[in-house]
Amino acid sequence: GNSVTQMEGPVTLSEEAFLTINCTYTATGYPSLFWYVQYPGEGLQLLLKATKADDKGSNKGFEATYRKETTSFHLEKGSVQVSDSAVYFCALSDLGGNEKLTFGTGTRLTIIP
Amino acid sequence: EAGVAQSPRYKIIEKRQSVAFWCNPISGHATLYWYQQILGQGPKLLIQFQNNGVVDDSQLPKDRFSAERLKGVDSTLKIQPAKLEDSAVYLCASSSDRGHEQYFGPGTRLTVT
């Protein structure tokens, strides 16, 4: 079955540091890949997505590239801000099936000034 | 545009009691999802509706969980009787159609004592 393995947290960085959160997946077929973010006290929000190999998703300074050869979708940001503190979830959807989302366990990110 | 609404936000019950959660999706959204998020884990799909029909309920513990979406709008998720391991956040999400972006509500945090 489908699965997502995500870098364990928590991760603590200083403001303006470079961020990488690793995500690898196992899936049959050709899934779509997502990063969701959950800010304190709020619901999950879609941060970015990629639907095919070599696609790059980007939003709010975050980027992730769909790497089929390494089955990875690592999240990166060049300079993090305190407002980026949140829990980040990597997920996949098998659009060839019923498009349900399979999530990783989440990575809690804390940015200190 | 109003987001996905859920109530209650918090619920504490004793084991063997019953509990119900309510979800109002974004207006016009045909697809509705219920996810269970246990502490430290990613959300897991319990059930997916397309209008008022069930698309996927393969991970719903049907001996104690039930869900309905009468008239294809609001949905309720019920647990009867609750067990300690049901303590989790229950997330509702909706999308305009199958395969489209899912929008999440704030969740209901259930504690079973």
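Rule-based calculations on the coordinates, nothing more; no lab input. These numbers come from a predicted model, not from an experiment. Glycine also receives a Cβ, built like all others from the backbone with ideal geometry; neighbour counts cover every protein chain displayed.
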So what is the relative contact order of the range B:23-113, in percent, for Cα pairs below 8 Å that sit 6 or more residues apart?
-> 32 percent
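Please give the FRET efficiency for B:LYS15 paired with A:GLU42, using the beta carbon to beta carbon distance and R0 = 25 Å, rounded to the nearest 0.05.
0.25
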Once all Cα-Cα distances of the protein assembly as shown are split into 10 Å bins that start at 0, what whole-number percent is in each one?
-> 8, 33, 35, 20, 5, 0
When you have a sec, figure out the Kirkwood radius of the range A:11-101 from all distinct Cα pair distances and drop it here in Å to one decimal?
-> 13.6 Å
Could you give P(r) for chain B, binned at 5 Å from zero, as whole percent values over all Cα-Cα pairs?
-> 2, 13, 24, 26, 19, 10, 4, 1
Reachable aspartates and glutamates from B:LYS83, Cα under 15 Å, same-chain residues fewer than 8 places away excluded?
-> B:GLU14, B:ASP63
List the chymotrypsin sites (Phe, Trp or Tyr not before Pro) within the range A:15-113 that fall in a DSSP loop (any state other than H, G, I, E or B) and whose Cβ has at most 14 other Cβ atoms within 10 Å.
-> A:PHE18
Among the lysines, select those whose C-alpha is under 18 Å from the C-alpha of B:LYS78, and discard any that sit fewer than 8 residues away in the same chain.
-> B:LYS11, B:LYS15, B:LYS44, B:LYS62
Proximal lysines relative to A:LYS56, as straight alpha-carbon distance under 23 Å, when same-chain residues fewer than 8 apart are discounted = A:LYS68, A:LYS77, A:LYS100
Quote the relative contact order of chain A in percent (integer), defining contacts as alpha-carbon pairs under 8 Å separated by 6+ residues.
-> 37 percent
